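Take a look at the structure set out below.
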Amino acid sequence: MATRQVSHDAAAPGVASVPLSEADDATLACALIEKNKAAPRVAWTRFSPLVRRILRRSLGPQHDVEDIVQDVFLCLFERVHTLRDPVALKAFVIAITVRTARYEIRRARVRRWVGLSRTAELPDLRVVNADTNSQHALIHFYRALNRINERDRTAFILRFIEGMEAAEVAAALDVSVPTARRCFTRAWERVTFFAQRDPFLVDYLSKLEVTSSEEDP
Amino acid sequence: MNLAEHEVEKPTSELVKLAQRELHGDTVLSDDAGFARLQIRMSRPKGFWTRGWVAGVAVAGSATVLAAALFFVQGADPKLSFQVAGGALDSSGRVVGQEHTKIRFSDGSEATLERGAEARITNVTERGAEVVLSHGRMNLHIAKKPEASWKVAAGPYDVRVTGTAFDVSWSNQSQAFDLRMQTGAVIVTGPLAGSGIVLRAGQHLFGGVAEGRLTVEGTEATASPAPAVAAVEPAQARPTPQGLSPAPAAPTPAPHGSEAHAWTRHVAQGHFNTVLDEAEQRGLDRTLSGGSLEELAALADAARYAGRSAIAKRVLLAERQRFPSSGPARDAAFFLGRIAEEGGGGAIEWYERYVSESPRGAYASQAFGRKMMLLYKQRGAGSAGPVAVDYLGRYPNGPYAAAARKIQLESQSSKP
């Protein structure tokens, strides 16, 4: 395992020159492994927006992800000693995030099956404070995503919404690159199929088309 | 494989873009607060924080933070909120009328849906909202507030509202539109309505594309014993508002009350030429210098709807000169911009003036969008870019948002 010297707050005065907050991922990984007290804070600042974004995009707009973001970091701090290549810290964080998201997708699916969904379809009373069109389109989009298996769905999210390369998707899903390709291609076809049959999405998208064709500069 | 290879499936691309835009890594929690919560969990013995406990604490914490955030957000920019009583708001934002279904807005406005009617609430701002009536009948009472801005969309018809009460219905099957005024005034736009029909208390507008005409029934006074009936019809010899079809002869109500009211009524009934003829008989200069604000507003509407741009321009300028602080005078800046767009130039300046005078006016988003498009056409993306950014900041879901995003991108890519 690589070892790097970093500026450990009070624990190791004067050992190194680079503040941990500015150190590279490999250095941060080593600091986490060595239980540097400052390392969790730096890891949180550096990776929590990425983790939160992947979780939101994986789980959809109706899911509260804050507690799941914390689950990811607790897992990271517990498992970071298993990281073989410290340079791959970011990929490691993404892999934990994806695994956690997949677990949550399966859990949400079971909850829906047994009728324990946290997001009731027809609440008696709701207060809405903002424009809802885009939000509802998103909800319908994620309904379409709910209808495909969670591996394909995650591959779709990582490839198309997160914009990852096929190799990165494969690494995050722990599958081969051709398998990852098959997953996100199949998911695209299925999502398109379902979206074209959702009246709200058809209406929403047709309005987008009209607007853009009328107002194309 | 990349997104471009899937362009044939554009709808999915649009949804992907929507998710990219809406679902990001920001949070209402500060970085410190988020990490403080994480530290609390890290310090607990592992056995303690089972998933259930964690979820409970986290949800409670999130709810508190969210409530606080909403409190502060609402304090800074108090958008209206609404509640659905006696019915349900489904996850797609639809409210389907049941027995006594009411949508109550925080400003005191209220919509009552008849059984089976279907409506959606969109574009909620601090001054109003858009109520989209998909089908069925709805009664709407809009609280009268300064600068209230509401829109009701029923099929292809838009009803612009400030403070009023009316019944509106739309049938998808028969393509029939029906609006019965109770109090206040509204402007209806849509097929056969040309540049808009002004409706006032007691009037009833009905018809539609299938019927081939729109009919205005009744005069302003609800107590009128024998309501007159008039069909909205085009001016015969002059350019007409779009789609107005010749209507069968209908009795014109005898003028009563002041001339200003008569002109407003004539405009509402589509008799634009009658107003123009009377103004010319009286003398246009005399009317412009001595007419009341209501007369000038009606004359300006009549001239615009009849396509008499030169007269409309003179009347609108007179409105602005003689009644500079009035609402119609402020709106006149927007209409002068529209006229200037048709010929003569100066539209951008008029739109800027309208926005500076009425930043929250009913036409503000249109004025902004039109100014942006004109700048783009006349001076290119470099000039229009800042306006596009400003537009998106104010109206992220506005009618020109898609164009603004493209101009913004083009403007950014053209920078060295």
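The values are calculated or read from the model by the stated rules, or taken from the named source; none is laboratory data. If you're wondering where the values come from, they're calculated on a predicted model, not measured in any experiment. Heads up, the Cβs are rebuilt from the backbone with ideal geometry, glycines too, and the neighbour counts pull from every protein chain shown.
Pairs are defined by a Cβ separation below 6 Å, a sequence spacing of at least 6 or placement on different chains, a first member in the range A:56-85 that is more than 9 Å from chain B (Cβ to nearest Cβ) and farther than 23 Å from A:Ile157 by Cα, and a second member that is at pLDDT 90 or above and buried (at least 16 other Cβ atoms within 10 Å of the Cβ); the pairs so defined are A:Val80/A:Leu32; A:Val80/A:Ile33; A:His81/A:Ile33; A:Leu83/A:Ala29; A:Leu83/A:Phe92. Listed here are the helices (runs of 4 or more DSSP H) enclosed by the range B:1-116 that have at least 1 residues being among the small types (Gly, Ala, Ser) and modelled with pLDDT of 70 or more: B:10-22, B:31-43. Provide a single number: the residues in the range B:164-178 that are surrounded by 17 or more Cβ atoms within 10 Å (Cβ to Cβ) and part of a loop (DSSP other than H, G, I, E, B). Total meeting the criteria: 1. For the range A:167-198, taking the residues that are buried (at least 20 other Cβ atoms within 10 Å of the Cβ) and at the interface with another protein chain (Cβ under 8 Å from one of its Cβ atoms), the one that is nearest to the chain's Cα centre (by Cα) is identified as A:Phe184. Residues that are charged (D, E, K, R) and over 20 Å from B:Leu336 (Cα atoms) were ranked within the range B:371-416; the one that is surrounded by the fewest Cβ atoms within 10 Å (Cβ to Cβ) is B:Lys415. Looking at B:Phe335, B:Phe323, B:Phe368, just one residue is touching a Lys or Arg at 6+ places or on another chain (Cβ under 8 Å), surrounded by 16 or more Cβ atoms within 10 Å (Cβ to Cβ) and closer than 26 Å to B:Glu295 by Cβ, and that residue is B:Phe335. Within the span defined as the range B:344-361, one or more residues are closer than 16 Å to B:Ser149 by Cα and without any contact (Cβ under 8 Å) to a residue 12 or more places away in the chain.
Checking each residue in the range A:76-110 for being hydroxyl-bearing (Ser, Thr, Tyr) and either part of a loop (DSSP other than H, G, I, E, B) or farther than 23 Å from A:Arg151 by Cα (or both) picks out only A:Thr82. Using the structure shown, decide if B:Gly385 is within 19 Å of the chain's Cα centre (by Cα) and modelled with pLDDT of 85 or more. No.
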